Amino acid sequence: LELGLTPMAQTLALLAALRRSAAPLATGSNTGPLVPAPPPLLPAVLPFVGRSAEVAAMETAWAAGRTVLIEGDAGVGKSRLAIEFAASHGPYALARCRSGDSELPYAAFSRALRTLMGDAAALDELPDWVRGELARLLPELGAPPMALTSSAEHARFLEACAMAWLRLAGESFDAVILDDWHHADAASRTLLGLVVQRRHDSGGAGARELLIYRDELDAPARRSMLRVREDVQAQHLVLQALPPDSVLELVQRLSGAQCP
């Protein structure tokens, strides 16, 4: 073209074919072929090791239908322990609190209830008055009733929330994991306490609650957790870092080395 000549059709076709075949090998800076990324050094999910004592305590609590509280620092393995344990017993629901939940009444409970519900059709078996009360928390269910103006109306609302939780959880799950519960708002803590108490009073049947939290509780939250521990004899675990022998086992399993 620079010489004022028109390339032959065969030449243009060859050029197009070369460009197509070279395109996958070119980098953004046109410096050479792409180099495949090295394989990850660690698997996406590490082997589960070193929690036999905690699992044994949780098994005892599970057999008795009791709630389990798992406390510990960030990154110590609280969530992994709860998920591994719950999965070994059947289907489970997992709901996580967020850092802003503590400022919004019923935020943590509403998010967990949506997890249990899945879709609005799951509420069809509940009485109309229960669905009406739930609309206070879940706008997708329709216009909520009038604002609560008496203790009797407030008690009716709490009863509806507890009934819905127990029905939805018990029909679809064997366990409900509530992660980062230290972020939960005060109203959600109160409601969950009612749920736990109702299930306990019924003999412990239904989906067990596994609460995961850090030791970052203010005084009211700490009192709330203490009531759960005392009123329903919840199993309380304070999770520590893995001991050296468990760390060694983890390294050996990752490397494929044999135990000495």
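We did not get these values from a lab; they are worked out from the coordinates using the rules stated. Only a predicted model underlies this, so the values are computations on that prediction, with no experimental measurement involved. Glycine also receives a Cβ, built like all others from the backbone with ideal geometry; neighbour counts cover every protein chain displayed.
Are there trypsin sites (Lys or Arg not before Pro) in the stretch 210-260 that DSSP puts in a loop and that have at most 16 other Cβ atoms within 10 Å, and which ones?
When the trypsin sites (Lys or Arg not before Pro) of the stretch 210-260 are filtered for loop state and at most 16 Cβ neighbours within 10 Å, Arg214 remain.
Given a Förster distance of 25 Å, report the FRET efficiency between Arg214 and Glu103 from their Cβ-Cβ distance, rounded to the nearest 0.05.
Result of the calculation: an efficiency of 0.90.
Taking K and R as +1 and D and E as -1, what net charge do the other residues with C-beta under 12 Å from the C-beta of His183 add up to?
-2
Tell me, what ³J(HN,Hα) does each residue in the stretch 167-181 have, in order and in whole Hz, if you take phi through Karplus 6.51 cos²θ - 1.76 cosθ + 1.60 with θ = phi - 60° and put x for Gly and Pro?
5, 5, 5, x, 7, 10, 9, 9, 8, 10, 9, 10, 8, 6, 5
Quote the charge dipole size of the stretch 90-234 about the Cα centre in Debye, to the nearest 20; the model charges only the Cβ of Lys and Arg (+1) and of Asp and Glu (-1).
240
How big is the stretch 125-231 by the Kirkwood estimate over distinct Cα pairs, in Å?
Kirkwood radius, the stretch 125-231: 15.0 Å.
Semi-axes, largest first, in whole Å: what does sqrt of 5 times each Cα gyration tensor eigenvalue give for the stretch 69-115?
Gyration-tensor ellipsoid for the stretch 69-115: 22, 16, 7 Å.
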